[in-house]
Structure formats: structure tokens, C-alpha cells
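Structure first, commentary second.
What follows is calculated from the coordinates using simple rules that are stated; it is not laboratory data. Remember, it's a predicted structure, so these values are computed and weren't measured experimentally. Note that each Cβ is placed from the backbone with ideal geometry, even for glycine, and that neighbours are counted across all protein chains shown.
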Amino acid sequence: GKSGYDHYMLKEIHEQPRALRKCLRERVDAIERTVDLDLEGLDDVSAIHLVACGTSYHAALYGARLLRERGIPAQTFVASEYDRASLAGETPLVVGVTQSGETADTLGALRTARAAGARTLAVTNTVGSTAARECDEALYVRAGPEIGVAATKTFASQQIALHAFALWLSEESIGSDRIDALRALPDQVQAVLDDSDARSVAEAYADSSAFFFVGRRHHQPVALEGALKLKEISYEHAEGFAAGELKHGPLALIEDDTPLIAVVTGDDEIAQKTVSNVKEVQARGAPVIAVTDGRSDVEQYANHVLEIPETDPTLAPVLANVQLQLLSYWIAAELGRPIDKPRHLAKSVTVK
Ligand code: M6R
């Protein structure tokens with residue numbers, strides 16, 4: 001059942017600390033500073049293609065950046081766009097990211113890859129799923145069953161499974177800071193859940209005419225994910241994009257009833273660039289909701305702040321996304337939507 005929550009989605013959002021602990025268990029060795037995944041035959045990977053749909057595609061974008069940061073060429077493809085031409089001249093490892101393991105578009109992309117001679121890996125939540133059976137190897141994200149159509153805990157677990165995969169695959173040594181940050185993450189997610197002001201922010205803005213989500217670098221995938229989650233369960237118009245793209249078009253849509261939700265952590269030049277984008281939007285009269293660890297001066301230009309604890313820059317998107325999930329949930333709740341079963345959508349899309 002829903003264990004006292006009004007919706008499975010809210011229950012599953014709250015299950016994230018536990019899901020992440022399970023995802024990391026016996027995979028991260030704090031003393032040796034190693035990551036150990038039970039995967040075979042993947043030791044000479046020279047390039048990676050990640051294929052996925054929807055929320056899983058956003059997790060794949062997050063994972064691909066981490067792989068590239070550790071020197072492994074990695075590209076992400078929307079599974080339905082993946083074809084022979086995507087494989088031109090390369091025989092990469094092809095990673096299907098799919099919580100259900102049954103998404104037709106993702107299975108199709110994996111089959112295309114296999115037909116071209118590529119090795120395949122399924123990153124999935126479902127033991128025995130078609131993706132797990134058809135791929136050479138499977139990496140289980142261990143989120144536990146997810147009932148809500150909106151993917152929440154499976155997304156966080158995919159992020160962390162892909163994070164572990166990037167650390168495992170790369171030759172570079174893993175610093176103790178990263179290991180400590182990974183191990184601290186479940187408790188930090190719990191802190192976000194305990195202290196979030198997302199409900200009151202949602203109540204103030206549920207009637208807005210559109211919502212824009214922005215983030216830069218590590219935060220760009222969660223900007224996309226924040227918008228997808230909101231449109232899926234609230235039926236409101238929402239768009240997510242790289243913060244730098246604002247001035248290349250979307251800025252024209254900014255009005256006083258189109259909140260900007262900006263994810264800004266740290267205080268480096270990357271953060272400062274996003275703060276500049278935020279300033280431009282606020283100067284044009286739109287309300288700004290900043291998801292931040294409080295290290296930059298973004299709060300000065302924000303009408304509301306959703307705070308997250310400080311962590312490694314590579315893990316901040318996981319914490320920021322929890323605030324975005326809660327914001328979407330409470331906006332949809334305020335609007336009285338059928339949150340666990342949005343119209344026109346299915347939990348697992350088994351047709352192309
Ligand atoms: O089972 P999969 O991870 O392959 O599903 C992919 C998408 O259909 C899925 O993530 C969808 O976008 C979610 N309903 C979003 O919340």
C-alpha cells in the first residue's frame with residue numbers, strides 16, 4: 001500500500017534514501033576507495049553509447065557526463081532515434097538505461113546495436129526483464145518496485161548506478177572525497193525530504209501559465225527532468241533547457257507569471273554564469289525559484305529558495321532533483337491531478 005502517503009509518487013520520493021543505500025551496498029569500498037560492480041568482459045571499453053527514453057534518458061545524460069569526465073568517450077541517444085548511422089565507424093559498448101527493461105524503443109536500439117556487433121549492457125531496475133535477458137551484462141539499480149507512473153526513485157537509483165559505473169570503468173583512482181560524498185548522499189537526500197519548502201512554493205505558483213527549468217553542466221539533465229516530471233503529472237506547460245540557451249530564444253516567453261526554476265550550486269564560474277542568466281530573467285519580471293546550496297549569490301536574485309546540502313559537484317544534481325520532484329508533486333496535488341496515473345501515459349511503453 002501507500003504507507004499513509006496520499007500517492008505512491010510521494011511514498012516513492014521518500015523511499016529514495018533507502019533505494020540509494022541499496023544501490024551502493026557492497027559496491028563501494030570506503031576503505032580501499034574502490035567501486036566493485038559484478039560485470040564481466042567490459043574491461044576494454046573504448047567508447048560508450050547510452051540509449052534511453054524519457055526520464056531514463058535524463059539519467060543517461062547525467063551518466064555520460066561523468067564517464068567523459070573520467071576520460072571515457074560517451075554519448076547519449078534518445079532510443080527511438082538510434083539507428084545504424086548512430087554506430088557509424090564505431091563499435092562502442094551500448095548501454096540501455098531502462099527501469100522497466102521493457103521499453104520498446106530502448107529494446108529496439110539495443111537490438112540495432114547487437115546486430116552491428118556491439119556489446120550491450122542493461123542498466124535496469126527489473127531482474128529478468130527483456131533488456132536484462134537480451135544484453136550481455138546487466139547492472140541492477142535496486143530501487144525496489146515503483147508503482148507511480150512518474151519515475152522518481154528509479155531515476156535517483158539510475159543516477160547513482162551510472163555514477164558507480166563511471167568510477168568502476170575508469171582507470172583513474174577514486175579520491176576519498178568522492179567516496180565519502182557518495183556514502184553521505186542517502187542521509188543528505190533524507191535531509192532534503194525533511195526540510196523542503198517545496199510545498200509552500202508550489203502553493204504560491206501552481207496557477208502560473210508556464211514553468212521554465214534551467215541548469216548548467218551537471219545540472220542540465222535535472223533541468224530537463226524537472227520539466228518532464230511537472231508536465232507529466234500537473235499537465236502544465238513546462239520546459240527545461242541548458243541555462244545558457246535562455247537568451248537564444250526562451251527569454252521571449254518570460255512574463256510575470258512564468259516562474260524560472262534555476263539549479264545553481266557551488267560558487268565557481270559555472271555557477272556565476274547561471275546566476276547571470278537568473279538576473280536577466282528576474283529583471284524581466286519573472287519570479288525565480290532557486291535550488292541552491294547557498295554558496296553563490298543566487299539567493300539575492302531569487303524570490304524563493306529551495307535549499308540542498310553541500311556535496312561534491314557531481315552529486316548535487318541528485319539532491320537538487322529531490323526538490324524538483326517535491327515541487328512537481330505539490331503543484332500537481334494543488335491542482336487536484338490524478339498523480340499516480342496521469343492521463344494518456346503508461347508506466348511501461350511497450351510499443352514503438
Ligand atoms: O522503463 P523505462 O525507464 O525504459 O521508461 C522510460 C520512460 O518511458 C519513462 O522514464 C517515462 O519518461 C516516465 N514515466 C517519466 O516519469
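What to note about this one:
- Each of ALA198, ALA184, CYS135 was placed along the dipole of region 102-217 (beta-carbon charges, centred on the mean Cα), and the one lying farthest toward the positive end is CYS135.
- Among LEU107, LEU39, LEU260: highest mean-square fluctuation, GNM of the chain, C-alpha pairs under 10 Å: LEU39
- Percentage, to the nearest whole number, of Cα pairs in region 11-127 over 20 Å apart: 46
- Kirkwood radius, the chain, all distinct C-alpha pairs, inverse of mean reciprocal distance: 20.3 Å.
- Residue-count net charge about ALA223 - beta-carbon cut-off 12 Å; Lys, Arg +1, Asp, Glu -1: 0
- Radius 14 Å from Cβ of ALA302, net charge of other residues (Lys, Arg +1; Asp, Glu -1): -4
- Residue ranges 65-77, 208-220 sort as 208-220, 65-77 when ordered by packing (mean number of other C-beta atoms within 10 Å per residue, highest first).
- Dipole magnitude (debye, nearest 20) for the chain, charges at Cβ of Lys, Arg, Asp, Glu: 920
- Top of GLU12, GLU146, GLU172 by mean-square fluctuation, Gaussian network on the chain, Cα under 10 Å: GLU172
- Beta bridges per DSSP, both residues in the chain: antiparallel share near 5 percent.
- Normalised contact order of region 90-206, rounded percent, pairs of Cα under 8 Å and 6 or more residues apart: 18
- Sum of side-chain charges, ALA115 neighbourhood, beta-carbon under 15 Å (Lys, Arg +1; Asp, Glu -1): 0
- Once the chain from VAL127 to ASP197 is taken as fully extended at 0.36 nm per residue, the excess over their C-alpha distance is 21.6 nm.
- Positive-end residue, the chain charge dipole about Cα centroid, Cβ charges, pick of TYR301, GLN99, ALA316: GLN99
- Annotation for region 163-184 versus region 314-346: alpha-carbon center distance of 29 Å.
- Charge dipole magnitude, Cβ of K and R +1, D and E -1 - region 14-66, Cα centre, debye nearest 20: 440
- Calculated SAXS-style log₁₀ I(q)/I(0) at q = 0.11, 0.14 Å⁻¹ - region 211-352, Debye, Cα scatterers: -0.39, -0.62
- Once C-alpha pairs closer than 8 Å and six or more residues apart are averaged by separation and normalised to the residue number of the chain, the relative contact order reads 19 percent.
- About the Cα centre, charge dipole magnitude for region 40-144 (Lys/Arg +1, Asp/Glu -1 at Cβ), debye: 140
- For the chain, a Gaussian network of Cα nodes joined below 10 Å ranks ARG18, ARG142, ARG284 by mean-square fluctuation, and the top entry is ARG284.
- Think of region 15-67 as a dipole: +1 on every Lys or Arg Cβ, -1 on every Asp or Glu Cβ, centred on the Cα centre; then among LEU37, HIS58, ALA47, HIS58 lies furthest on the positive end.
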